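Following: one structure in structure tokens, then a few remarks.
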């Protein structure tokens with residue numbers, strides 16, 4: 001029988017444009033030590049390490065897993081690195097979870113990070129190679145045409161994206177770790193910000209951040225021990241990953257099939273038939289504002305073409321019936337290779353009752369979600385305060 | 001929307017910090033010196049690129065001002081640029097298809113953001129363009145039209161470099177420009193985005 005998996009330790013760094021005062025290994029150790037302290041463990045207690053970050057040239061440090069082994073206290077222990085573009089640290093958490101679930105390791109430390117200040121992701125995503133078609137303007141340039149397509153299909157009001165950005169950035173004011181704390185933000189200030197990739201405005205776009213997020217995952221005995229010591233674990237109820245070919249003719253990039261299939265598998269495993277009713281809070285990868293309504297539909301929280309209504313009705317607000325991204329989300333902090341794990345870990349913090357000022361009262365079941373690449377990689381988990 | 005009051009500043013929780021206390025006396029008196037935050041280090045990688053059969057045929061065709069795709073034997077979809085295999089069926093795409101040099105905008109964005117390595121004057125239009133005869137759009141620049149007049153369904157012609165500048169490169173197509181034909185109705189473009 002598969003082991004139950006518990007999240008017993010969580011640690012993160014303050015997200016910021018340029019951290020500056022720590023090296024890359026120092027950044028990771030900061031998150032790792034905080035997770036170990038939360039779990040009341042040391043590196044000696046860790047059986048294996050599962051790490052993930054975005055493509056190496058986003059930060060200009062090649063195969064960092066080799067040079068980071070000592071800093072992570074992983075010498076002589078198994079180290080796995082996961083690669084799934086922007087969804088990577090969601091997938092990384094799932095690989096860690098499955099190593100515990102399979103009974104291969106009892107306690108695993110998993111970490112995702114990015115030091116975006118070391119390089120320029122826009123450049124890295126837009127390198128001209130004569131034998132390939134050119135992506136002409138980074139991730140925003142890639143996704144904006146699909147957002148325009150969603151707007152045309154759904155007839156959503158033009159200001160849907162503004163409302164999402166305003167909500168997430170206001171939520172970020174409740175999260176001390178968030179990169180952007182825009183105290184003066186208003187509907188008007190978002191609306192009047194420059195169009196970077198028309199129809200996407202500057203204030204509807206994620207920042208470039210430095211940061212790391214770490215979790216300690218353990219088997220049922222470890223989870224029980226934490227609970228007995230008064231430290232509420234988050235129990236993993238279901239995990240799912242799906243992918244689809246980036247360059248397949250006929251693929252729907254507004255609502256990709258892999259995302260639908262991933263959510264369907266996840267909710268089936270977790271015994272969830274109505275995610276909007278049964279899930280208390282969701283942390284979903286929304287790097288550009290319009291991805292909230294798009295993913296509301298893709299994940300089955302709303303019928304196709306109606307996701308924007310939940311945003312306009314305030315359903316996804318922190319006091320709504322299905323809060324999305326109370327932490328401020330990717331729109332407020334984006335260390336790319338950590339952004340997926342932040343979603344997974346924020347979901348765990350919610351069901352542990354440890355989310356601080358952005359805690360959703362009584363949250364017992366939470367969704368963490370990440371996507372990446374050309375919207376072709378998906379990773380998701382559901383965590384709960386009770387055992388599955 | 002919820003009306004959130006701005007919270008009082010929150011202190012980060014106490015934690016184990018990775019930085020041990022170190023002797024920083026060597027930095028004394030350097031307060032006025034601006035810290036180095038960023039250095040540019042030019043780097044160069046030289047690649048030998050082996051395109052494979054399908055991409056070789058595509059690149060040789062583009063050097064002759066032709067665009068060629070390949071058809072999936074199962075779905076019938078025509079891929080450009082071809083990789084030689086259909087990502088849907090997994091089968092080799094052995095049938096080569098001569099494509100047109102015109103195309104249609106299926107979606108687009110207007111780029112207002114400058115960044116390292118960008119060679120375009122902003123604003124410019126980046127569009128998903130469905131080349132005539134193909135079934136998967138490619139990204140391309142749209143010029144010779146005001147940015148606010150670009151639209152889904154707009155018909156385009158490819159604009160090429162001078163004949164003596166032609167190489168086996170995507171850069172042979174400088175950009176795309178309106179070809180004057182009537183717009184394609186949106187209903188004809190369903191399934192291509």
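Computed from the coordinates by the stated procedures, all read-outs in this text should not be read as laboratory data. All figures in this text were calculated on a predicted structure; none of them were measured in a lab. Don't worry about glycine lacking a Cβ; one is built from the backbone with ideal geometry, like all the others, and counts go over all protein chains shown.
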Provide a whole-number value for the mean count of partner chain Cβ atoms within 10 Å of the Cβ atoms in peptide A:91-99. 0
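Rank these for me by crowding, A:16, A:84, going from fewest to most other beta carbons within 10 Å.
Working: A:16 19, A:84 25.
The order, fewest Cβ neighbours first, is A:16, A:84.
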Per-residue average of Cβ from other chains inside 10 Å of A:121-133: 5
For region A:1-154, what log10 I(q)/I(0) values come out of the Debye formula at q = 0.14, 0.15 1/Å, with one point per alpha carbon and no solvent? -0.79, -0.87
Just how far, in whole angstrom, is region A:30-96 from region A:304-319 if you go by their alpha carbon centroids? 35
How tilted is helix A:160-172 with respect to the longest principal axis of chain A? Cα atoms for both, answer in degrees (0 to 90, nearest 10). 30
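Going by C-beta contacts inside 10 Å, put A:43, A:377, A:267 in order with the fewest on the left.
Details: A:43 16, A:377 27, A:267 22.
Exposure proxy ranking, most exposed first: A:43, A:267, A:377.
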Could you tell me the distance between the Cα centroids of region B:85-104 and region A:139-187, to the nearest Å? 37
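Which whole-number percent is the relative contact order of chain A (Cα, under 8 Å, 6+ apart)?
On the way: 946 pairs, mean separation 99.1, N = 388.
Reported relative contact order: 26 percent.
Expressed as a rounded percentage, what relative contact order does region B:52-186 have, with Cα pairs under 8 Å and six or more residues apart? Intermediate results must be reported in sequence, preceding the final value.
Numbers: 292 pairs, mean separation 30.6, N = 135.
Worked out over region B:52-186, it gives 23 percent.
Looking only at region B:52-186, where both bridge partners belong to it, what percent of the DSSP beta bridges are antiparallel (to the nearest 5)?
Working: 28 of 29 bridges.
The antiparallel fraction comes to roughly 95 percent.
Going by how many other beta carbons lie within 10 Å of each one, how would you line up A:203, A:208, B:89, fewest first? Before the final figure, lay out the partial values.
Working: A:203 22, A:208 19, B:89 13.
Listed from fewest to most nearby Cβ atoms, that is B:89, A:208, A:203.
When Rg is the radius of gyration of the Cα atoms in region B:52-186 and Rh is its Kirkwood radius, what does Rg/Rh come to? Show your work: numbers first, answer last.
On the way: Rg = 15.5 Å, Rh = 15.7 Å.
Answer for region B:52-186: 0.99.
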Compute and list, largest first, the equivalent-ellipsoid semi-axes of the protein assembly as shown from the alpha carbon gyration tensor, each √(5λ) rounded to a whole angstrom. 41, 27, 25
How much length would be gained if the chain were fully extended between residue A:273 and residue A:66, taking 0.36 nm per residue of separation minus their Cα-Cα distance, in nm to one decimal? 70.2 nm
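How large is the helix-only mean residue ellipticity at 222 nm for the protein assembly as shown, computed as the sum of -39500 (n - 2.57) over DSSP H runs with n ≥ 4, divided by its residue count, in deg cm²/dmol to the nearest 500? Present the calculation step by step, with values, prior to reporting the outcome.
Details: 14 runs with 143 residues, N = 581.
It lands at -7500 deg cm²/dmol.
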Inter-chain Cβ neighbour average for residues B:102-111, partner chain, 10 Å: 6
